[in-house]
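First up is the structure itself, then whatever we jot down about it.
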Amino acid sequence: MKAALFDMDGVLCNTQEYHNACYAEIAKKNYNITLDSSIEDKLKGVLRNEGAKIFCKAVGIRPNKENIKYISTLKNNLYLKKIEENKDSLLSKGTIELLQKLKNNNVKVALVSASANAKTIIKITNIEKYFDYVVDAKNIKKGKPNPAIFLEAAANLAIKPSDCVVYEDAINGIQAANDCDMYSIAVNVDFNKTTFTYSKKIADRYVKSLDDPLCYKGLYENLFEKADNCSLFIFDAGNVVIENIHCFNGIFDQYNFTTDQKSEFIKDFNFYTAPLMDGNISTEFFLNHVNKNLNLNISGDPFYNYFNPVFNVKIVNLIKKLKENGKRVVLGSNTFAPHTKKMKEMGLFDLFDSVYVSNEIHHYKPNPSFFRHILEKENVEAEKTYFIDDISENIASAASLNIKTLHYTGENKDEKVDKAFDKLI
């Protein structure tokens, strides 16, 4: 991941309580109504006029333009007064520390808020300097759960949506993040799945506050943990211990695939990846399917024949050093039968104390069961375990179990290894 997108109210700042207090005060003072607490979730993350509209319905007045404007103005004036009175205690626990950690490690940071007062609040709380871009109610037409607000932030940061992490406390915000393929972290909430049926998934992670290490562990390329005090080391195979792992082009050339056939083959392989990797279907089954579906005549074992990896000498030397120093080192890799056979023949397995490959243990990354299986077999605590992989989803999954991690990717990947293992090698 390369960018962090933060909601403001209830995430970076303890300002959501003031929004709620303002609406409650107006309802009681102007309409002699005590607002039901259930309205608070509906008011989270919505634009100012939308919040006024929800409020109007709650107190039984018509949500016409005149009433919406009146409530919006009244509530905003009251809100700004409360913010000014409490400006020294607005920041949430862990806000400064997390923002500083992200900036120190070259992570792009954006504020993505439905509040028209967002820029004012980050200025009076002295956190304005941490943000590369700010999206607020003044430059968006549709609020959350519409994903446009997050997409605009990603575009202005020049970061792909799939490389963004979103920190949210509202269902609308989590839905918006999910709908544009961003990694979502729910802060200080516990969403009930029954109230979240309109979203494709719930949050990827849950944290109580921004000082929780899970706010960053295993998520960002440039943020990694030291390997000190670990006794078990789990290495992925492809693009970590071995390189040159791609075999599709050899298969395509051998059987004269058309452009359409290449596209369909890759689509089918992606569809069958999980059952192939966890050993539930064989390569023969997959190739029979492909031959029938694409009118091909693939024979033999092309996934074995065209898989010709080479060792990553730096990582191999690291593994040898760790073992010399009495550390236990194991392989933990997603793979399937032809590649397992080739890796064993090339001597890869001989480097490790134990080997855990998905098609044999029937667990597949990033499912946490993959890591739990290894921890159980090795009888080692997660906190004493270190995992190296090139895929962010696998790193995030391991980190969620409190396994220490290093995301082995990017131009500085070897530099990260040197820094992480400096006391062990």
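The values are calculated or read from the model by the stated rules, or taken from the named source; none is laboratory data. Keep in mind that this is a model prediction, so the values were computed, not measured. Every residue, glycine as well, gets a Cβ built from its backbone with ideal geometry; the counts of neighbours run over all protein chains shown.
Observations
- Any pair with Cβ under 6 angstrom, 6 or more apart, that starts in region 30-49 at a residue that is part of a loop (DSSP other than H, G, I, E, B) and modelled with pLDDT of 85 or more and ends at one that is among the β-branched types (Val, Ile, Thr) and surrounded by 14 or more Cβ atoms within 10 Å (Cβ to Cβ): Ile33/Val59
- Listed by first and then second residue, the pairs with beta-carbon distance under 6 Å, at least 6 apart or on different chains, first residue in region 235-259 and modelled with pLDDT of 95 or more, second surrounded by 14 or more Cβ atoms within 10 Å (Cβ to Cβ) and polar (S, T, N, Q), are Asp236/Ser333; Ala237/Ser333; Val241/Asn312; Glu243/Asn312.
- A single entry from Ala237, Ala203 fulfils the requirement of being touching a strand residue (DSSP E or B) at 6+ places or on another chain (Cβ under 8 Å), crowded, with 20+ Cβ neighbours inside 10 Å and within 25 Å of Ser184 (Cα to Cα): Ala203.
- Matching residues, region 384-398, being of a type in the set (Ser, Thr, Tyr) and more than 15 Å from the chain's Cα centre (by Cα): Thr385, Tyr386
- Residue in region 123-144 that is buried (at least 16 other Cβ atoms within 10 Å of the Cβ) and basic (Lys, Arg) present: yes
- Taking (1) without any contact (Cβ under 8 Å) to a residue 40 or more places away in the chain; (2) out of contact with any helix residue (DSSP H, G or I) (no Cβ under 6 Å at 6 or more places or on another chain) in turn, Ala21 satisfies each apart from (1).
- Among the residues of region 198-234, those that are among the aromatic types (Phe, Trp, Tyr) and either free of Cβ contacts under 8 Å to residues at least 60 places away in the same chain or more than 29 Å from Leu98 (Cβ to Cβ) (or both) comprise Tyr198, Tyr206.
- Check on Ala110, aliphatic (A, V, I, L, M), assigned to a loop (DSSP other than H, G, I, E, B) and either farther than 18 Å from Tyr220 by Cβ or in contact (Cβ under 8 Å) with a residue 24 or more places away in the chain (or both): no
- Scanning region 163-187 for residues that are crowded, with 23+ Cβ neighbours inside 10 Å, in contact with a helix residue (DSSP H, G or I) (Cβ under 6 Å, 6 or more places away or on another chain) and in a loop (DSSP other than H, G, I, E, B) turns up just one, Met182.
- The residue that is surrounded by the fewest Cβ atoms within 10 Å (Cβ to Cβ), counting only those in region 287-320 that are in the same structural domain as Leu331 (by TED's automatic domain parsing) and without any contact (Cβ under 8 Å) to a residue 12 or more places away in the chain, is Val313.
- In a residue-by-residue description of region 32-43, the property of being of a type in the set (Asp, Glu) and over 37 Å from the mean Cα position of the chain (by Cα) applies to no position.
- Within region 84-107, the set of residues being crowded, with 19+ Cβ neighbours inside 10 Å and part of a helix (DSSP H, G or I) comprises Thr95, Leu98, Leu99, Leu102.
- Residue within region 13-27 that is under 30 Å from Ile395 (Cβ atoms) and either in a helix (DSSP H, G or I) or in contact with a strand residue (DSSP E or B) (Cβ under 7 Å, 6 or more places away or on another chain) (or both) present: yes
- Residues of region 141-167 that are closer than 11 Å to Asp7 by Cα and modelled with pLDDT under 95: Lys144, Ile149.
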